[in-house]
Amino acid sequence: MLSTSHNGQLNRYLEQALQPQLQAHGFQLQGRLFRRHTPLVIQVVEARLLRDDSRQDAQFTLEVGLCFPSLLAALARLDAFAHLARHVVKPTIQSCALRRRLGEFDTPARDSWWPLAEVPAAQNHALLTLLVDQALPWLESAGTLQALAQGQYLDDGLTARLMQALACLQLGQDNRALETCLNHADGRYPDNLGMARRWAAELYNQLAAALQPPPPCPV
């Protein structure tokens, strides 16, 4: 189990090594999260500790992701996803439809974890190079509805896949949105194609309705 000293080490590293770099690019630190707001997306950089009881030396990694607040808010209008409303303004990495670990930007790509204690200067330089030269440009280029609709680097979860369907709907790609719903329905009803199609159509209609602006409040 990770000790409070590991948590403190990580917090100090984020404040001393990463915050100056990311703050210069417009990110704000809150806890272990850095966020940068753009007109369409909120860009997220989050640190994670490796929870491995067999190791004495703590390790950490960084994940970067893109949250689409308008789509997350639309999804939160569905009763089953109302709990997502609290993440619209302050998303975590789990709220991001598109996400990658920092090691994926390396050559070759790998699932990289860095030792936390006394981070060597060379290692810190390599990490910052990946973050600033590779990950941040990806956050800029991938922060589009088109990228989300295509589904590359899509988080493998229902929330992200439904936001992909919402992106397709917003782009007028109705058939692709329905296909996304049907792909999920096939897994839910693998032995009943008719039920899967009806469920997918209902989900599609709910998503399309959720994208519509709410009616104005009566005066």
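The values are calculated or read from the model by the stated rules, or taken from the named source; none is laboratory data. Predicted, not measured: the structure shown is a model, and the values here were computed from it. Note that we place each Cβ from the backbone using ideal geometry, even for glycine, and neighbour counts take in every protein chain shown. When the accessible area is computed, the model is the full protein with side chains, heavy atoms only, and any ligands, DNA or RNA have been set aside. Shrake-Rupley method; radii C 1.70, N 1.55, O 1.52, S 1.80 Å.
Tell me which helices (runs of 4 or more DSSP H) are completely within the stretch 136-192 and hold 3 or more residues being within 16 Å of the chain's Cα centre (by Cα) and of a type outside the set (S, T, Y), or say none if there are none. Spell out the reasoning first.
Numbers: elements: 136-141, 145-150, 158-170, 174-188.
Once the helices (runs of 4 or more DSSP H) in the stretch 136-192 are filtered for at least 3 residues that are within 16 Å of the chain's Cα centre (by Cα) and of a type outside the set (S, T, Y), what remains is 136-141, 145-150, 158-170.
Residue by residue through the stretch 21-60, note down the ones that are among the basic types (K, R) and modelled with pLDDT of 95 or more. Even if it seems obvious, please write down each step before you answer.
Step one: list which residues in the stretch 21-60 are among the basic types (K, R), which gives 32, 35-36, 48, 51, 55.
Across the stretch 21-60, the qualifying residues are R35, R36.
Taking the condition open to solvent by less than 30 Å² (accessible area, probe 1.4 Å), touching a Phe, Trp or Tyr at 6+ places or on another chain (Cβ under 9 Å) and not in a loop (DSSP other than H, G, I, E, B), does L71 pass?
no
Could you list, in sequence order, the residues of the stretch 34-45 that are of a type outside the set (A, V, I, L, M) and either part of a loop (DSSP other than H, G, I, E, B) or open to solvent by 30 Å² or more (accessible area, probe 1.4 Å) (or both)? Walk me through how you get there before you give the answer.
Here is the first cut: in the stretch 34-45, the ones of a type outside the set (A, V, I, L, M) are 34-39, 43.
If the condition is that a residue be of a type outside the set (A, V, I, L, M) and either part of a loop (DSSP other than H, G, I, E, B) or open to solvent by 30 Å² or more (accessible area, probe 1.4 Å) (or both), then R36, H37, T38, P39 are the ones that fit.
Does the stretch 123-134 include one or more residues that are under 15 Å from the mean Cα position of the chain (by Cα), outside any loop (DSSP other than H, G, I, E, B) and either at pLDDT below 95 or closer than 24 Å to G26 by Cβ (or both)? It would help to see each step written out before you state the result.
To start, the set of residues in the stretch 123-134 that are under 15 Å from the mean Cα position of the chain (by Cα) comprises none.
Scanning the stretch 123-134 turns up no residue that is under 15 Å from the mean Cα position of the chain (by Cα), outside any loop (DSSP other than H, G, I, E, B) and either at pLDDT below 95 or closer than 24 Å to G26 by Cβ (or both).
Say whether the condition of being closer than 16 Å to A210 by Cβ and either of a type in the set (D, E) or open to solvent by 50 Å² or more (accessible area, probe 1.4 Å) (or both) is met by at least one residue in the stretch 91-111.
No - not one qualifying residue is present in the stretch 91-111.
Check the stretch 138-160 and report whether any residue there is among the aromatic types (F, W, Y), closer than 21 Å to F27 by Cβ and open to solvent by less than 60 Å² (accessible area, probe 1.4 Å).
Among the residues of the stretch 138-160, at least one is among the aromatic types (F, W, Y), closer than 21 Å to F27 by Cβ and open to solvent by less than 60 Å² (accessible area, probe 1.4 Å), which makes the answer yes.
Could you check E63 against (1) assigned to a loop (DSSP other than H, G, I, E, B); (2) of a type in the set (D, E, K, R); (3) surrounded by 17 or more Cβ atoms within 10 Å (Cβ to Cβ) and say which number it fails?
(1)
I'd like to verify a number: residues in the stretch 196-209 that are in contact with a helix residue (DSSP H, G or I) (Cβ under 8 Å, 6 or more places away or on another chain) and open to solvent by 60 Å² or more (accessible area, probe 1.4 Å), how many?
2
Checking R188 against (1) modelled with pLDDT under 90; (2) closer than 29 Å to T38 by Cβ, which single condition isn't satisfied?
Answer for R188: the failing condition is (2).
Can you go through D111, D79, D106 and tell me which one is more than 16 Å from the chain's Cα centre (by Cα), of a type outside the set (A, V, I, L, M) and over 27 Å from L10 (Cβ atoms)?
Just one listed residue meets the conditions, D79.
Among the residues of the stretch 176-185, which ones are at pLDDT 80 or above and out of contact with any Phe, Trp or Tyr (no Cβ under 6 Å at 6 or more places or on another chain)?
Listed by number, the residues that qualify are R176, A177, E179, T180, L182, N183.
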